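Written out below as structure tokens is the structure these notes cover.
The values are calculated or read from the model by the stated rules, or taken from the named source; none is laboratory data. If you're wondering where the values come from, they're calculated on a predicted model, not measured in any experiment. With ideal geometry, Cβ positions are generated from the backbone for all residues, glycine too; neighbour counts draw on all protein chains shown.
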Amino acid sequence: MIVPLQDPTPFSPFPPGEWQRALGQVARAGYQAVELAVTDPRKRDLEEVAEALAGENLRLSSLTTGQAAGVEGLSLSSSEAEVRARAIERIRDHMRLAAPHGAVVIVGLLRGAAGSLDLLVESLKECVRFDADVKIALEPLNRYESRLINTVAEALEVVEKVGAENLGILFDTFHANIEERGFREAIRAAGDRLFHVHLADSNRWVPGHGHLPFPGVMAALEEIDYRGALVVEALLRPTPQALLEFPKVADRVLGW
Ligand code: LER
Ligand code: MN
């Protein structure tokens with residue numbers, strides 16, 4: 001489940017101003033880990049965030065960085081050197097927040113909707129060097145959100161060009177349903193480079209309210225011995241409550 005620290009996100013029922021209370025609700029709902037949506041980590045007291053997570057016994061699985069694209073226009077693939085430099089710095093700040101938690105830093109929309117793939121590779125080469133122990137997960141996004149990297153195969157090409165052990169892939173079932181030939185082959189192709197997973201149904205509703213074959217997705221994840229987190233990144237549909245109730249129905253929906 002996702003909790004925003006600064007700006008609202010369509011994937012969380014919680015207003016940013018209530019993030020501490022939100023962590024309590026996420027934990028009580030039965031989630032073991034949380035993904036924080038953070039626009040600018042320097043605007044938050046990282047100690048306070050760590051204490052709040054520990055207080056609720058919640059693991060920080062991941063940080064989404066895309067809000068800096070939406071709110072501030074940052075992009076790792078921009079032709080404007082200054083915009084790119086600020087995006088790289090922002091990833092560095094996220095890595096600092098992620099490091100003590102072993103959390104994954106996500107590169108989704110922060111890569112830009114239509115920039116240069118070569119510049120993105122150069123930017124990522126700088127990012128991976130900030131801390132080799134912090135994993136960065138490049139997320140294939142569907143064609144309506146970005147022209148750059150729509151499939152796992154395209155993400156793997158970038159991972160290879162960057163050539164760092166701490167760069168891998170985020171597999172989001174909603175995007176994959178639009179772009180991949182099949183879930184199993186995409187997940188197998190990602191293999192040990194799969195660092196993180198987002199779950200949403202075919203319509204981006206809470207899993208179980210669309211028509212994606214989640215038991216097949218889970219079987220493929222098991223095949224590659226995936227050990228990372230599963231984060232529900234879904235719209236507040238059919239109801240916001242459905243997001244909070246997902247842990248109760250996860251076994252049935254995921255076929256466990
Ligand atoms: C981010 O994880 C993502 O999936 C994007 O579609 C957000 O808009
Ligand atoms: Mn996603």
Number of positions in the stretch 148-166 that are of a type in the set (Gly, Ala, Ser) and within 16 Å of ligand 1 (Cβ to nearest atom):
1
For the condition under 19 Å from LYS248 (Cβ atoms) and surrounded by fewer than 16 Cβ atoms within 10 Å (Cβ to Cβ), what is the one hit in GLN32, GLN25?
GLN32
Quick check on my filter: what residues within the stretch 17-47 are modelled with pLDDT under 95 and out of contact with any Lys or Arg (no Cβ under 8 Å at 6 or more places or on another chain)?
GLY17, LYS43, ARG44, ASP45, GLU47
Checked against (1) of a type outside the set (Gly, Ala, Ser); (2) within 15 Å of ligand 1 (Cβ to nearest atom); (3) out of contact with any Leu (no Cβ under 7 Å at 6 or more places or on another chain), LEU138 satisfies every condition except (3)
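Residue-wise test of (1) more than 16 Å from ligand 2 (Cβ to nearest atom); (2) buried (at least 19 other Cβ atoms within 10 Å of the Cβ).
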{"site": "THR173", "(1), (2)": "no, yes"}
{"site": "HIS211", "(1), (2)": "yes, no"}
{"site": "GLU223", "(1), (2)": "yes, no"}
{"site": "ARG237", "(1), (2)": "no, no"}
With (1) buried (at least 20 other Cβ atoms within 10 Å of the Cβ); (2) touching a His at 6+ places or on another chain (Cβ under 6 Å); (3) without any contact (Cβ under 8 Å) to a residue 60 or more places away in the chain as the list, and VAL231 as the residue in question, which single condition is left unmet?
(3)
Within the stretch 44-60, track down each residue that is more than 14 Å from PRO4 (Cα to Cα) and not in a helix (DSSP H, G or I).
ASP45, GLU56, ASN57, LEU58, ARG59
Scan of the stretch 124-162 for residues that are within 13 Å of ligand 2 (Cβ to nearest atom), assigned to a loop (DSSP other than H, G, I, E, B) and among the small types (Gly, Ala, Ser), ordered by number:
SER146
Looking only at the stretch 168-196, which residues are over 10 Å from LEU221 (Cα atoms), of a type in the set (Phe, Trp, Tyr) and free of Cβ contacts under 8 Å to residues at least 40 places away in the same chain?
PHE171
Per the filter on the stretch 68-92, residues surrounded by fewer than 22 Cβ atoms within 10 Å (Cβ to Cβ) and not aliphatic (A, V, I, L, M) are GLY70, GLU72, GLY73, SER79, GLU80, GLU82, ARG86, GLU89, ARG92
Select from the stretch 184-209 the residues that are under 19 Å from ALA137 (Cα atoms) and either assigned to a loop (DSSP other than H, G, I, E, B) or small (Gly, Ala, Ser) (or both) and list them in ascending order.
ALA186, ALA189, ALA190, GLY191, ALA200
Candidates ARG92, ARG96, ARG84 - the one that is closer than 23 Å to HIS198 by Cα, in a helix (DSSP H, G or I), free of Cβ contacts under 8 Å to residues at least 40 places away in the same chain and away from ligand 2 (no atom under 16 Å from the Cβ)
ARG92
If you go through the stretch 167-183 one residue at a time, do you hit one that is in a loop (DSSP other than H, G, I, E, B) and either within 16 Å of ligand 1 (Cβ to nearest atom) or of a type in the set (D, E, K, R) (or both)?
yes
Output for the stretch 210-224, where each listed residue is without any contact (Cβ under 8 Å) to a residue 24 or more places away in the chain and charged (D, E, K, R)
GLU222
Residue check: is THR173 hydroxyl-bearing (Ser, Thr, Tyr) and touching a strand residue (DSSP E or B) at 6+ places or on another chain (Cβ under 9 Å)?
yes
Taking only the stretch 99-129 into account, find how many residues are surrounded by fewer than 24 Cβ atoms within 10 Å (Cβ to Cβ) and closer than 15 Å to THR39 by Cα.
2
